[in-house]
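J.: I am attaching a structure below and will ask some questions about it afterwards.
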Amino acid sequence: MRTEQTPGQVLGEPGRDQRVMIQRPTTPTDRAEFATPAEPPGQSGIGVVAPFDFALDRELWRWAPDDVSLHMTRLPFVPVPVTVDMAAALSDGAGVARATRDVLAPEPLVVAYACASGSFVDGESGQRSLCDSILSAGAPAAVTTSGALITALAELRTDRIAVVTPYVDSVTERLLSFLTEHGVQTVSSVGLGLLNHIWKVTYSEVVQAVRDVDTPEAEAVFISCTNVLTYDIIEPLERMLGKPVLAANQVTMWGALRAIGRDAVGHGQSLLDTTRP
């Protein structure tokens, strides 16, 4: 084994500075060289304003290309169950503007409001108001979950859908009214009636709800709520039903990426396949 001498301090007579050479082993790896890029890879940023109880950050990342970063922030805690009151509180313009300013430091190219119920609870005027709040706070572009859903349905040329939600009936009804404003007919719908812990809904529960709600009249199925996991089941559901299946997180990321000229990542998802160049 080769050795290398390095200086070390030893004790000696008072006032004298004595040094000794310490033998340190060296190996070829000590001198290994490797090539590195001149600069780190570039990154585009998407700011995400999410509800305080949003638990699915990793799911959003699955639609993002490797060179796109997500910058997350949460809205303030609201001590109420998942009702119309919570959705209305989450859509407060001042709170959304404040959250937007919080996420602007890394200079995202777009800010996405990632909450389905908060973006449809006050109808289309409420959805537009959310976008205005985001833009007025300084964001270069704004997207909301419900606004992206309407754009996605237009891209698919679909206006008759079945709807699955985790909500109680009063919240689900607000979604159906929002869709009606945009000329989208809900041919059937089902809500799971949950007031909390929506992120714990399993894939099997979602699949069963989709089976129950689908009808021949529905041209597509929409699974609402950004706190519902869907990435892994969109493709098999589409194969099973033979029609597009849209989900809240999917349309949010698709819309945000589209706003910056990028494509969402996903295999076998009609929305992505249809709109990809």
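J.: Only residues that are in contact with an Asp or Glu (Cβ under 9 Å, 6 or more places away or on another chain) and within 20 Å of V171 (Cα to Cα): list them for the range 191-227, please. Spell out the reasoning first.
T.: Step one: filter the range 191-227 for residues in contact with an Asp or Glu (Cβ under 9 Å, 6 or more places away or on another chain), giving 191-193, 196-199, 203, 219, 221, 226-227.
G191, L192, G193, N196, H197, I198, W199, V221, T226, N227 - these are the residues of the range 191-227 that are in contact with an Asp or Glu (Cβ under 9 Å, 6 or more places away or on another chain) and within 20 Å of V171 (Cα to Cα).
J.: For the range 107-129, give me each residue that is over 14 Å from the mean Cα position of the chain (by Cα) and assigned to a helix (DSSP H, G or I).
T.: S117, G118, S119, F120, G123, E124, S125, G126, Q127, R128, S129
J.: L246: within 13 Å of the chain's Cα centre (by Cα), within 18 Å of W61 (Cα to Cα) and touching a residue at least 40 places away in the same chain (Cβ under 8 Å), yes or no?
T.: Numbers: within 13 Å of the chain's Cα centre (by Cα): no; within 18 Å of W61 (Cα to Cα): yes; touching a residue at least 40 places away in the same chain (Cβ under 8 Å): yes.
No.
J.: When you scan the range 203-233, how many residues do you find that are charged (D, E, K, R), part of a loop (DSSP other than H, G, I, E, B) and closer than 15 Å to L192 by Cβ?
T.: At the first step, the residues of the range 203-233 found to be charged (D, E, K, R) are 205, 211-212, 214, 217, 219, 232.
From what's left, part of a loop (DSSP other than H, G, I, E, B): 214, 217, 219.
Within this subset, residues satisfying the condition of being closer than 15 Å to L192 by Cβ are none.
Within the range 203-233, residues that are charged (D, E, K, R), part of a loop (DSSP other than H, G, I, E, B) and closer than 15 Å to L192 by Cβ number 0.
J.: Among all residue pairs at least 6 apart or on different chains, which show Cβ distances below 8 Å where the first residue, located in the range 99-112, is under 19 Å from M253 (Cβ atoms) and among the small types (G, A, S) and the second is modelled with pLDDT of 95 or more and part of a loop (DSSP other than H, G, I, E, B)?
T.: Final answer for the pair search is A99/L75.
J.: Let me ask something additional. Would you be able to say whether some residue in the range 181-190 is within 25 Å of the chain's Cα centre (by Cα), modelled with pLDDT of 95 or more and closer than 13 Å to P166 by Cβ?
T.: Yes; the residues of the range 181-190 include at least one that is within 25 Å of the chain's Cα centre (by Cα), modelled with pLDDT of 95 or more and closer than 13 Å to P166 by Cβ.
J.: Could you tell me how many of the residues in the range 65-82 are assigned to a loop (DSSP other than H, G, I, E, B) and within 21 Å of S224 (Cβ to Cβ)? Steps first, please.
T.: Taking the range 65-82 as the starting set, the residues that turn out to be assigned to a loop (DSSP other than H, G, I, E, B) are 65-67, 75-82.
This time we only want the ones that are within 21 Å of S224 (Cβ to Cβ), so: 75, 78, 80-82.
Total meeting the criteria: 5.
J.: Among all residue pairs at least 6 apart or on different chains, which show Cβ distances below 7 Å where the first residue, located in the range 121-150, is without any contact (Cβ under 8 Å) to a residue 24 or more places away in the chain and the second is surrounded by 16 or more Cβ atoms within 10 Å (Cβ to Cβ) and in a helix (DSSP H, G or I)?
T.: Sorted first by the residue in the range 121-150, then by its partner, the pairs are C131/G147.
J.: List the number of the failed condition for G138; all other conditions in (1) of a type outside the set (S, T, Y); (2) part of a helix (DSSP H, G or I); (3) surrounded by fewer than 23 Cβ atoms within 10 Å (Cβ to Cβ) hold.
T.: Against the list (1) of a type outside the set (S, T, Y); (2) part of a helix (DSSP H, G or I); (3) surrounded by fewer than 23 Cβ atoms within 10 Å (Cβ to Cβ), G138 comes up short only on (2).
J.: Within the range 189-205, identify whether any single residue is under 21 Å from G268 (Cβ atoms) and hydrophobic (A, V, I, L, M, F, W, C), and answer yes or no.
T.: no
J.: Consider the range 251-266. How many of its residues are closer than 16 Å to A142 by Cα and either within 14 Å of the chain's Cα centre (by Cα) or of a type in the set (A, V, I, L, M) (or both)?
T.: Step one: of the range 251-266, the residues closer than 16 Å to A142 by Cα are 251-262.
Going one step further and asking which of them are either within 14 Å of the chain's Cα centre (by Cα) or of a type in the set (A, V, I, L, M) (or both), we end up with 251-260.
Total meeting the criteria: 10.
J.: So, in the range 195-251, how many residues would count as being on the phi > 0 side of the Ramachandran plot and surrounded by 22 or more Cβ atoms within 10 Å (Cβ to Cβ)? First the steps, then the outcome.
T.: Let us first name the residues in the range 195-251 that are on the phi > 0 side of the Ramachandran plot, namely 197, 225, 242.
With the extra rule that they be surrounded by 22 or more Cβ atoms within 10 Å (Cβ to Cβ), the set shrinks to 225.
Of the residues in that region, 1 qualify.
J.: Let me ask something else about it. Condition check: modelled with pLDDT of 65 or more, more than 20 Å from the chain's Cα centre (by Cα) and among the β-branched types (V, I, T). Does V80 satisfy that? If you could, list the steps in order and put the result at the bottom.
T.: Values: modelled with pLDDT of 65 or more: yes; more than 20 Å from the chain's Cα centre (by Cα): yes; among the β-branched types (V, I, T): yes.
So V80 passes the test.
J.: For residues that are in contact (Cβ under 8 Å) with a residue 12 or more places away in the chain and not in a strand (DSSP E or B), tally how many sit in the range 155-201. Steps first, answer last, please.
T.: Of the range 155-201, the ones in contact (Cβ under 8 Å) with a residue 12 or more places away in the chain are 155-156, 158-172, 174-179, 181-196, 198-199, 201.
In the following step, the residues that additionally are not in a strand (DSSP E or B) were identified as 155-156, 158-159, 166-172, 174-179, 181-184, 192-196, 198-199, 201.
Residues flagged as in contact (Cβ under 8 Å) with a residue 12 or more places away in the chain and not in a strand (DSSP E or B) within the range 155-201 amount to 29.
The values are calculated or read from the model by the stated rules, or taken from the named source; none is laboratory data. Bear in mind the structure is a predicted one, so any value in this text is a computation, not a measurement. Glycine also receives a Cβ, built like all others from the backbone with ideal geometry; neighbour counts cover every protein chain displayed.
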